[in-house]
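The structure appears below as structure tokens.
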Amino acid sequence: MFPVYLLEDNEQQQATYQQIIENTIMINEYAMTLVCATANPAALLRTVENQQKGLFFLDMEIGANCQAGLELALTIRQRIPFAQIVFVTTHEELAFLTLERKIAPLDYILKDQALSQIKQQMIDDILLAEKQNEAAAYHEKDLFSYKIGPRFFSLPLAEIICLYTTKDNPGHVNLLATNRQVDFLGNLNALAERYPMFFRCDKSYLVNLTNVADYDSKSRQLEFVDGSQTKVSFRKSRELVLRLKQYQSKG
């Protein structure tokens, strides 16, 4: 789950912002969760241990310290270089400091505008964070990413056994992995280009050669580590034998 954090010392505003965040996540079925809603910067920091990503909605002024959120953002940026930070504040004059200190916030929401405008900005920021997180995951090394409806999923490439299509479910790709089996909207040709480490054993199958258990070149029957099997096209059989020998020599 992609973590979201909220720092706000006004109890009523904290409850309102928390509801906006949670409702947006629920309505869009995003793989996100509000990890922390607090008025205490130190308490928030304790919840980000070992995190490498996150969306942070930070009030600039906490108690008598009008730069508490700014100071917290600096610490977050040091710990999580790609954190997405949004300031929610009455202090428009401090916006320049976020540039001066190279915090690079995702957004700067002013509290003195109508609640409907604040709500829309927060919703837009959550949607943008989701899109950016999705784009990053697609390019993450050693991860396979796919979408089912509005939700985004990823798993290690090493867990994938094969990807295949069937005539009775056009426009969908079936994913068989060591710990899951799902189907999603997709195109096998596009996946073959995006993940060249997989082998196209016929027009309907992309296979992960690291999860091949056995290949009978006479019957052209390919068996995977989970016991499932598929047929290899005559045209691809010779290439497959060579590729498997290469994998064995590397091992």
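No lab work stands behind these numbers, since they all come straight from the coordinates. Since the structure is predicted, the reported quantities are computational estimates derived from the model, not experimental observations. Here Cβ is always computed from backbone atoms with ideal geometry, including for glycine, and neighbour counts include all displayed protein chains.
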Self-check item: Conditions (1) among the aliphatic types (A, V, I, L, M); (2) more than 25 Å from Pro150 (Cα to Cα); (3) over 19 Å from the mean Cα position of the chain (by Cα); number of the one not met by Ile20
Solution: (2)
Quiz item: Is there a residue being touching a Lys or Arg at 6+ places or on another chain (Cβ under 7 Å) and surrounded by fewer than 17 Cβ atoms within 10 Å (Cβ to Cβ) anywhere in segment 85-97?
Solution: yes
Practice problem: Name every residue in segment 1-38 that is of a type outside the set (Ser, Thr, Tyr), touching a Pro at 6+ places or on another chain (Cβ under 7 Å) and without any contact (Cβ under 8 Å) to a residue 60 or more places away in the chain, in order of residue number. | Solution: Val35
Practice problem: Please specify each residue of segment 207-230 satisfying the condition of being touching a residue at least 40 places away in the same chain (Cβ under 8 Å) and among the charged types (D, E, K, R). | Solution: Asp226
Practice problem: Could you please give the count of residues in segment 206-220 that are within 20 Å of Thr165 (Cα to Cα) and part of a helix (DSSP H, G or I)? | Solution: 2
Quiz item: How many residues does segment 139-186 contain that are of a type in the set (D, E, K, R), assigned to a strand (DSSP E or B) and in contact (Cβ under 8 Å) with a residue 24 or more places away in the chain?
Solution: 2
Quiz item: Mind checking whether some residue in segment 52-64 is loosely packed, with under 13 Cβ neighbours inside 10 Å and within 25 Å of the chain's Cα centre (by Cα)?
Solution: yes
